[in-house]
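Data first, discussion second: the structure below is written as C-alpha cells.
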C-alpha cells in the first residue's frame with residue numbers, strides 16, 4: 001500500500017467514524033422521541049393512546065383514595081323556607097280502616113324535592129309614549145331605557161349565558177344554538193352568537209387592562225405559551241397563545257410570534273422587577289429587570305427519559321434529590337420559617353453539583369466536526385438533548401434552585417400549564433379560530449373568566465354585569 005493510499009484510507013475511516021457517530025446520535029434521539037409520553041415530557045395524556053398507562057411523577061401520599069376523615073362532604077339539605085308546601089294527610093287508619101278525625105294526634109315528616117322551574121324566555125315590552133304639547137304642538141317621546149335601545153334585542157342575562165357557554169365551557173356555536181333552542185325556544189343564529197361574543201369582549205377591555213397592571217405588580221409570575229391555529233387573510237396559520245398568571249390572576253394574549261416580540265407587545269414583562277417562572281424558553285431572558293426561575297417539573301420529566309431510556313443512574317438520583325428539596329421547603333414554610341437552615345441547604349447544593357458532575361462526565365461535549373480534508377469545521381457543534389439539559393441545570397443552577405432560597409417562588413410552573421390547558425381543549429373542540437377577532441375575543445373573555453374563577457366569584461354573574469353596562473371590580477391581591 002502506497003503512502004497516498006494509506007492516507008486516503010485513514011481519511012475515509014475518519015469520515016465513516018464521524019458518520020457512525022452522527023447516526024448513533026440520531027438513532028438515540030429518535031428512540032428517545034418515540035419513548036416520550038405524558039409522564040416524561042410535556043405531551044398531554046390524551047396522546048398516550050391505549051398502549052400503556054404512564055407512571056405519574058407524583059409521590060404517593062399514603063392516604064386512601066376518596067374523601068379523607070373530617071371532610072364535610074356535599075349533600076342536599078332541607079331548606080328552611082320552601083317555595084311551595086303540599087300537605088299529605090291520611091284519611092283512613094291503615095290498621096283498622098276507620099276514618100281519622102282532623103283533631104287526632106299527629107306530627108309531620110318533612111321531605112323536599114328540588115326541581116327546575118319551567119324554563120322559558122320572559123319578554124318585557126317597553127312602550128314609549130309620544131305626547132303632543134297642546135301649547136306649541138311639538139311632540140315629545142319618552143326616553144328608552146338602556147336595555148331597550150333597539151326594537152328587538154336580547155337581555156344581558158341571555159347574552160352573558162351565550163358568551164359563558166362559548167368561551168368558558170368551550171361549546172361550539174352550533175351546539176350553543178341547539179341548546180338555547182331546546183331549553184328556551186330561542187332561535188338565535190350563529191351570526192348573532194358571534195356578535196354577542198364580540199360585544200362581550202369589547203365590554204371587558206377595561207378589566208383586561210386592570211388584570212395586566214395587577215400582574216405587572218405581582219411579585220411572582222408564571223409564563224408559558226402554546227400553539228394556536230387562526231384563519232387570517234392568508235388562510236389558516238400557526239400563531240401562539242401566551243399566558244401570564246398567578247394563583248389569583250390570569251391573562252391570555254394571541255400573537256403571531258412566539259418570542260420576545262410577542263412578550264414586548266403584550267406589555268406585562270417589559271420593566272417587570274419580580275420573579276418570572278418559566279420553562280427555560282430563551283425569549284424570557286430578554287427581560288433583564290426580572291429575576292428568573294425554572295420549572296423543575298420539566299426537569300423531572302426530562303430526567304425520567306434519561307433514567308429510563310438511556311439507563312444513566314445519575315438522572316434518577318437527581319430526581320430523588322429534587323423531590324426532598326421540595327418537601328424540605330414545604331415543611332419549613334408550614335413551620336413558619338422563611339429559609340432553610342444553612343447546613344441543610346448547603347448539603348442539598350453539594351449533592352446537586354456532585355450529581356451534575358457525574359452527568360457531565362457521562363455526556364461529554366461532542367467531538368469537533370471535520371470536513372472532507374479531515375480538518376475541524378467551524379460552527380456550533382450539535383449537542384445531545386441530555387447534554388443540553390445538563391448545561392441548563394449547571395449554567396442556570398441559581399434559577400433551577402431559586403425555590404430553595406425564596407419560599408415565594410414555587411418548585412414548578414404548573415400554574416401556567418394548568419391555565420393553558422383549556423386553550424388546548426378549545427382547539428380540540430373547534431379545531432381552529434375562524435378569525436383573528438374571534439381568537440382575541442376568546443383570550444380576553446377567558447382572561448376574565450379564569451381570574452374570576454380563581455377569586456371564587458361567579459363567572460356568569462360577572463358577564464351579566466358586563467352586558468348590563470356595569471363596571472366590574474377586580475379583587476387585587478394584598
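Throughout, read-outs are computed from the coordinates displayed, never taken from laboratory work. Keep in mind that this is a model prediction, so the values were computed, not measured. Reconstructed Cβ throughout: ideal geometry from the backbone, glycine too, with neighbour counts over all protein chains shown.
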**Study point:** Per residue convex hull volume, Cα atoms of region 327-366, in Å³
**Key:** 75 Å³
Point to revise | Relative contact order, percent, the chain [alpha-carbon distance under 8 Å, six or more residues apart] | key: 20 percent
Point to revise | Rough spin-label spacing in nm, given labels placed 7 Å along Cα→Cβ, for residue 100 and residue 65 | key: 4.7 nm
Check your understanding: Which value in Å is the Kirkwood Rh of the chain over different Cα pairs?
Key -> 28.5 Å
Check your understanding: Tell me, what is the percent relative contact order of region 92-228, built from C-alpha pairs under 8 Å that lie six or more residues apart?
Key -> 15 percent
Revision key, fill the gap. Yeah, region 57-177 with a ≥ b ≥ c from its alpha-carbon gyration tensor (a/c under 1.5 is rounded, else prolate when a/b outruns b/c, oblate otherwise) is oblate
Practice item. Note down the Stokes-Einstein diffusion coefficient of region 411-478 in µm²/s, whole number, using a Kirkwood radius over alpha carbon pairs, 10 °C, and 1.306 mPa s. Key: 115 µm²/s
Review point. Using the beta-carbon distance between residue 349 and residue 414 and R0 = 25 Å, what value does 1/(1 + (r/R0)^6) give for FRET efficiency, to the nearest 0.05?
Key: 0.55
**Study point:** Simple spin-label estimate for residue 460 and residue 334 in nanometres, 7 Å along Cα-Cβ
**Key:** 3.7 nm
Exercise for review: Take the alpha carbon atoms of region 386-425, find their center, do the same for region 182-200, and report the distance between the two centers in whole angstrom.
Suggested key: 42 Å
Review point. How much length, in nm to one decimal, is gained on full extension between residue 88 and residue 178, taken as 0.36 nm per residue of separation minus their Cα-Cα distance?
Key: 28.4 nm
**Study point:** residue 13/residue 473 FRET efficiency (R0 56 Å; Cβ-Cβ; nearest 0.05)
**Key:** 0.15
Practice item. Mind sorting 301, 258, 237, 127 by how few other Cβ atoms lie within 10 Å of their own Cβ, fewest first? Key: 127, 237, 258, 301
Check your understanding: Across bins of 10 angstrom width beginning at 0, how are the C-alpha pair distances of region 296-452 distributed, in whole percent?
Key -> 9, 27, 23, 22, 16, 4, 0
Practice item. Determine the calculated [θ] at 222 nm for the chain from helices alone, applying -39500 (n - 2.57) to every DSSP H run no shorter than 4 residues and normalising by the residue count; nearest 500 deg cm²/dmol. Key: -14000 deg cm²/dmol
Check your understanding: Quick one: which of 341-348, 86-93 comes out on top by average Cβ neighbours within 10 Å, and what's the full order, highest first?
Key -> 341-348, 86-93
Check your understanding: Using alpha-carbon positions, what is the distance between the centroids of region 430-463 and region 255-320, in Å?
Key -> 26 Å
Check your understanding: Just how far, in whole angstrom, is region 3-25 from region 207-234 if you go by their alpha carbon centroids?
Key -> 52 Å
**Study point:** Taking only Cα atoms of region 188-307, radius of gyration then Dmax in Å
**Key:** 17.0, 56
Exercise for review: Show me 163-169, 8-14 ranked by packing, highest mean number of other Cβ atoms within 10 Å first.
Suggested key: 163-169, 8-14
Review point. So between residue 311 and residue 397, what do we pick up on full extension, going 0.36 nm a residue minus the alpha carbon distance?
Key: 28.6 nm
Review point. Full extension from residue 29 to residue 124: what is 0.36 nm times the residue separation minus their Cα-Cα distance, to one decimal in nm?
Key: 27.5 nm
Check your understanding: What ranking of 125, 225 emerges when the number of other C-beta atoms within 10 Å of each C-beta is taken as an exposure proxy, fewest first?
Key -> 125, 225
Check your understanding: How would you classify region 260-335 from its alpha-carbon gyration tensor, with a ≥ b ≥ c the square roots of the eigenvalues: rounded for a/c under 1.5, else prolate if a/b is greater than b/c, otherwise oblate?
Key -> oblate
**Study point:** Debye-sum result for region 161-244 in log10 I(q)/I(0), which assumes one identical scatterer on each alpha carbon, at q = 0.14, 0.25 Å⁻¹
**Key:** -0.72, -1.19
